[in-house]
Amino acid sequence: MKEKLTRNLGLKILSLFMAVFIWLIILNIADPVVQKSFYNIPVTKINENVISQKDKVYEVVSGDTVDVTLKTKRSVMETLKPADVKAVADLSELSLVNAVQIKVNVPGHDRDIVDLSQDISTMKVSLENLKTEQFRINVVALGEVASGYYIKDKIASPNIIQVSGAETVINQIKEVVVEVNVTNQRESFETSAVPKVYDKNGTLMESDKLNLNFDAVDVTVNLLQTKTVNLFIEVTGTPYSGYKYVDLEYEPKQVVIAGEKDELDKVQYIMGEYNIDNQKEDIEDQVNIADFIKNDVILIDDNQTAVINVKIERFDSKDLSYNASDIEMRNLQTGLMATLKENFLRVVLYGDNESLNLISKYNLKPYIDLKEAKAGTNIMPVEFDLPEGITLVPPSVVVTVKHTGG
C-alpha cells in the first residue's frame, strides 16, 4: 500500500500544482480583478469641536473632495457605488501647517480591495478667530397688501439674533432680514421665516459660513384699513397792526389715513389751524399734518407735511396830528391834575382807502383814561374811538400827575 502511495510521488505533486494553477486561471478569467475610479468623493470632517474649543473657525483651502481609484474583483466592483467610498479628515490631528491626512476606505469591503489609491492625501485649512455678534432682525414685506389696507407694523420674535463665524466674515454683515409675503392680504397674520444675512454690498451671504442661534423666527404682520379724507386749514390770529390777511393757499387738499374701522368711521375730515399773529409779510411754510389728527388713526399719506402760502398786505395809511389840548383826560381822581409832557402827538391810521377818507382828526376823539394814574410820572396809552375796519398802533404818552394843592 505504501509503495502505491509513494510511487510516482513527484508526478502526483506536480499534477496537484497544475490543477490548482489551472483552477486559478479559470477563476481569474471568470471573475478578473478590475480597476475603477470614483471622482469627487466628499471628505467628511470629524472632531471639528477641537477647533471651536480654541475660539477658532476653519475654512477648507484644498482637499474637500478626493478622487479614488480601486482595484478589486469584478463581482465586487459591480456592487460598489460612489457613496460606498468614504473619505475622512480628523481635525484633531491638524498639523502645525494646518494640514490633516485624508483617510480613504471602503467599509465592508476592506478585504476585497486589492489596491486603493487617491489623487491627494491631505486636506489644508485656514484658521481664523471666531467672532459672535448680535443683530436686529428686520422684517421685509414682499408684494402689496390688498387695496384699502396698510401694514401697521411687522414684528419678529425673537427680534435679535446671534450670528457666529470667522471674524472677517462677521465684519462684512450689514443686516439680518426675514421675508414675508403679504400679497393681497386683508387681515393681520402670523407666519415663520428663515433669517437671511446680507453683507454691506447687499449680497446674500453663504449660510454655511455662518452659525445662527435660530433657524427660523416667528413674524406677526398687523394690518389696518385706510381712508381718504379732506384736509382743511384755516387762518387764526391777527396780523401786525397796519397789515391785513388776504388769502391762504395750501396743498394737499386730501390725505390718506389708516386705523381700525371704528376709529376711521369717526374721522370725516381733518381740520388744522395756522396762526398769523403779528405777521407783516407773506408767509411760505410747511406744517406737520399729523399734528392736526385728534383720533386714534395714523397719517400714511405720501405727503406728511402741508405746504402753506399766506398772503398778507399792508393797509393804506393816514397820518393825523394832535395838540396836547386835543386829548381829553378822563376819570382823573379828585384832587389831582394831569399834564402831558409832549405838546404834540402823531398817529398813523390803517385801513382801506375809502374808510380812511371818511376820517378826520376831529371824529376820533382821542382820550387818556386816568382812573389808575398815581401822583407822579405815568406812561399812559392814548385811546381812540375807532370805526370798524380802522386800526392803529396805540401811542403812549408821559403824563405827569400832581395834587392840586401841591
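Couple of notes before you dig in:
- Top-ranked residue of segment 368-377 - restricted to ones that are part of a strand (DSSP E or B) and surrounded by fewer than 17 Cβ atoms within 10 Å (Cβ to Cβ), ranked as farthest from the chain's Cα centre (by Cα): G376
Conditions (1) basic (K, R); (2) closer than 16 Å to F38 by Cβ; (3) under 46 Å from the mean Cα position of the chain (by Cα); (4) surrounded by 17 or more Cβ atoms within 10 Å (Cβ to Cβ), marked per residue:
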site	(1), (2), (3), (4)
K54	yes, no, yes, no
T69	no, yes, no, no
I102	no, yes, no, yes
S117	no, yes, no, no
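To keep it simple, each residue is scored yes or no on (1) of a type in the set (K, R); (2) closer than 18 Å to L392 by Cβ; (3) in contact with a helix residue (DSSP H, G or I) (Cβ under 9 Å, 6 or more places away or on another chain); (4) without any contact (Cβ under 8 Å) to a residue 12 or more places away in the chain.
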site	(1), (2), (3), (4)
E281	no, no, no, no
E284	no, no, no, no
N288	no, no, no, no
I293	no, no, no, no
D296	no, no, yes, no
Q304	no, no, yes, no
E313	no, yes, no, no
S317	no, yes, yes, no
Y322	no, yes, no, no
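- Qualifying positions in segment 276-309 - under 25 Å from D153 (Cβ atoms) and surrounded by fewer than 13 Cβ atoms within 10 Å (Cβ to Cβ): N288, D291, K294, D296, D302, Q304
- Of the residues contained in segment 164-178, none is found to be in a loop (DSSP other than H, G, I, E, B) and surrounded by fewer than 12 Cβ atoms within 10 Å (Cβ to Cβ).
- Test: residue in segment 267-275 that is touching a residue at least 60 places away in the same chain (Cβ under 8 Å) and surrounded by fewer than 17 Cβ atoms within 10 Å (Cβ to Cβ): no
- Scanning segment 76-87 for residues that are part of a strand (DSSP E or B) and at pLDDT 90 or above turns up at least one hit.
- Note on segment 338-362: among residues that are outside any helix (DSSP H, G or I) and among the hydroxyl-bearing types (S, T, Y), the one that is nearest to the chain's Cα centre (by Cα) is Y350.
- The test for being acidic (D, E) and in a strand (DSSP E or B) does not hold for D110.
- Which numbered condition E388 misses (of (1) surrounded by 13 or more Cβ atoms within 10 Å (Cβ to Cβ); (2) free of Cβ contacts under 8 Å to residues at least 24 places away in the same chain): (1)
The values are calculated or read from the model by the stated rules, or taken from the named source; none is laboratory data. The shown structure was predicted, so the numbers you read here are calculated from the model rather than taken from an experiment. Using ideal geometry, Cβ is built from the backbone for each residue, glycine included, and neighbour counts are taken over all protein chains shown.
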